[in-house]
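Notes follow the structure.
The values are calculated or read from the model by the stated rules, or taken from the named source; none is laboratory data. Please read these numbers as outputs of a predicted model, since none were measured by experiment. All Cβ positions, even for glycine, are placed from backbone atoms using ideal geometry, and neighbour counts span all protein chains on display. Areas reflect the complete protein model, heavy atoms only, side chains present, ligands, DNA and RNA absent. Shrake-Rupley method; radii C 1.70, N 1.55, O 1.52, S 1.80 Å.
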Amino acid sequence: MSESNTYYITTAIDYVNGLPHVGHAYEKVLTDVMARHQRRLGRDVYFLTGVDEHGMKVQQSAAKQNRAPQEFCDEMAGHFRSLYDRLNVSYDDFIRTTETRHKKVVQTVLQQLFDAGEIYSANYEGYYSPRTEQFLTEKDRVKGEFPESFGEVVFLQEKNYFFKLSKYQSWLVEFYEKNPDFIYPSFRTKEVLGALQDPIPDLCISRPSARLSWGIPLPFDAEQVTYVWFDALVNYISVLGYESGKVGDKWPAVHVIGKDILVPPHAIYWPAMLKAIGVEMPKQLVVHGWWTQNKEKMSKSVGNVVDPLELIDLYGVDAFRYFVMREMAVGYDADFSIDQFKLRYQSELGNTLGNLVNRAISMIKRYRAGVIPAASAELTPDQESFRSDILGSIRTYRENMDKLQIHVAVMELWKAFMRANQYVDVTAPFKMAKDESKQKELDHVLHELAATLDLLVGELEPLLPATAAKIAFQLGRNLIPKVKSGPPSWPGDLAGVQVGEPQVLFPRLEIAKAAPISP
Ligand code: MSP
């Protein structure tokens, strides 16, 4: 396949110092929806996710449990990976930063930069926050004090290595001015340019191993390990087997990340690192917002996390995928409300989608012995307008998927499901079934319902892959139909197809059973 057809997409790699929560799961589902959408368009997708295993927090979390860091990471990495498997995240590669392939590339990058004089050693003296693993300056003080979010701040004196980040400042400014759409949503470019208004200091990229042992040793100084970002960011090219300026033909990547890790790591450090090693810029940074609880970021340290597994166990994987895609506009924050989750489950998944599928399949079984009948050759204006409404919704859905307006795309798809339910209500096939003179009309209605599902199931696949497969199966298709190039058109190959058994997709749940969700 030609280079332009490749689509390399990555997620952030999660810290393994705590269990995954809704925020981590959302990002992986979002990236999965983007990856599946591109695959359906025929792109040659390579989807990378994984975990970030080094650093002080992981070292401390392991120590708290009296365990060796590697053993602790092995277990935690398993939790993340199995959650993403359960969520049907269709990654092609799962990177762990403790893997040899990653360590090797981090050391290659460091040696290349050291040899090129881009890394130098210096003595550091100043304030440091162990909680955020950040060196602080006077500018970080608010009303004379370092804010709570830094935790306990200590004064340090030590030798470190620095990357000459400051020399990339004007190049970075120029890059963002010339590429206003590099970041999605583009309003965040302003934040980056704002951060680049003041001089940016060189970046400290190491820690003495006496203080932090859980890291990748610098290839040119065994007494020091790599600082977290210089280790973590490199994952995006370590899976490509990076060697001396060469990244292979999958690059450049679309990086999907949360807004907390845009400035400085992804918008400043990463482009400068790539420039310094002679690698082209990423294709795009897609920056999502935060899931909040009462407007506060959902996070382990705040203690307000929702466990995605609890929701999946009760409502199913696709209910989770549906809710997070429908509820959050990509790039903006959204409050995670269990009540809203239950509401959407019952009304949009159960009553709208589940009901439509159940009605269509059951009626084909009951009235036509399970064989999809033929459509009428001549269409009435109402029948025409039904088709054009469904096809119109699909076009709008696709446009919005392409623009990353995923929540709008979802609404459009549901508009089509509602239109089909309304078609059943208005045409009343259960009445037609009792009237000998209405049999041809009944054939048409049943065909149109099957055709609508057949069309929509393909569009639904990136969002709800398991449900799409179940619907395709109930429709008598072994596979989810492939997207045909060009605008959507009405299917003409369904008459005579034997449907499967109707199956309830989103069972009604007792409220009592659905109640015990944290927090
Ligand atoms: N390890 C770094 C990323 C390195 S990428 C080279 C890290 N890990 S993290 O576990 O803290 O976060 C992983 C991803 O989850 C980030 O993109 C972050 O924005 C996202 N989320 C964590 N909490 C979140 C919410 N409450 N809501 C949405 N996503 C958030 O940062």
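Descriptive notes on the structure:
- Picking from residues in region 102-137 that are at pLDDT 90 or above and assigned to a loop (DSSP other than H, G, I, E, B), the one that is nearest to I200 (Cα to Cα) is E118.
- Only listed residue being open to solvent by 40 Å² or more (accessible area, probe 1.4 Å) and more than 35 Å from the chain's Cα centre (by Cα), chosen from K139, K143: K143
- Residue, nearest to M281 (Cα to Cα), within region 153-176, restricted to residues that are out of contact with any Lys or Arg (no Cβ under 7 Å at 6 or more places or on another chain) and exposed (fewer than 13 other Cβ atoms within 10 Å of the Cβ): E174
- Residues in region 381-432 that are under 29 Å from G331 (Cβ atoms), touching a Lys or Arg at 6+ places or on another chain (Cβ under 8 Å) and open to solvent by 40 Å² or more (accessible area, probe 1.4 Å): M411 only.
- Set S213, S209: member being in contact (Cβ under 8 Å) with a residue 24 or more places away in the chain and either open to solvent by less than 20 Å² (accessible area, probe 1.4 Å) or not aliphatic (A, V, I, L, M) (or both): S213
- From the list G496, G492, the one residue that fits, being assigned to a loop (DSSP other than H, G, I, E, B) and at pLDDT 95 or above, is G496.
- Search result, residues across region 280-321 that are surrounded by fewer than 20 Cβ atoms within 10 Å (Cβ to Cβ), hydrophobic (A, V, I, L, M, F, W, C), at pLDDT 95 or above and over 23 Å from Y345 (Cβ atoms): M281
- Here H288, H266 are screened, and the one residue that is near the ligand (Cβ under 9 Å from one of its atoms), in contact with a strand residue (DSSP E or B) (Cβ under 7 Å, 6 or more places away or on another chain), within 25 Å of A116 (Cα to Cα) and touching a residue at least 12 places away in the same chain (Cβ under 8 Å) is H266.
- Only a single item in (1) at pLDDT 95 or above; (2) surrounded by 20 or more Cβ atoms within 10 Å (Cβ to Cβ); (3) over 18 Å from Y120 (Cβ atoms) is not met by V228, and it is number (1).
- Just so you know, in region 372-398 the residues that are more than 39 Å from the chain's Cα centre (by Cα) and among the hydrophobic types (A, V, I, L, M, F, W, C) include one that is nearest to V497 (Cα to Cα), and it is A374.
- The single residue among R86, R36, R40 that is modelled with pLDDT under 95 and basic (K, R) turns out to be R40.
- Contact map, region 157-168: first residue charged (D, E, K, R) and part of a strand (DSSP E or B), second residue buried (at least 21 other Cβ atoms within 10 Å of the Cβ) and modelled with pLDDT of 95 or more, Cβ cut-off under 8 Å, separation 6 or more or different chains; pairs are K159/Q224.
- Selection within region 1-34: residues that are part of a helix (DSSP H, G or I) and away from the ligand (no atom under 16 Å from the Cβ). The member of this set that is most open to solvent (accessible area, probe 1.4 Å) is E3.
- Residue match in region 336-346 (condition: open to solvent by 10 Å² or more (accessible area, probe 1.4 Å), within 15 Å of the ligand (Cβ to nearest atom) and either more than 23 Å from P185 (Cα to Cα) or touching a Lys or Arg at 6+ places or on another chain (Cβ under 7 Å) (or both)): yes
- Taken together, the residues in region 291-309 that are closer than 12 Å to Y26 by Cα and more than 9 Å from the ligand (Cβ to nearest atom) amount to 3.
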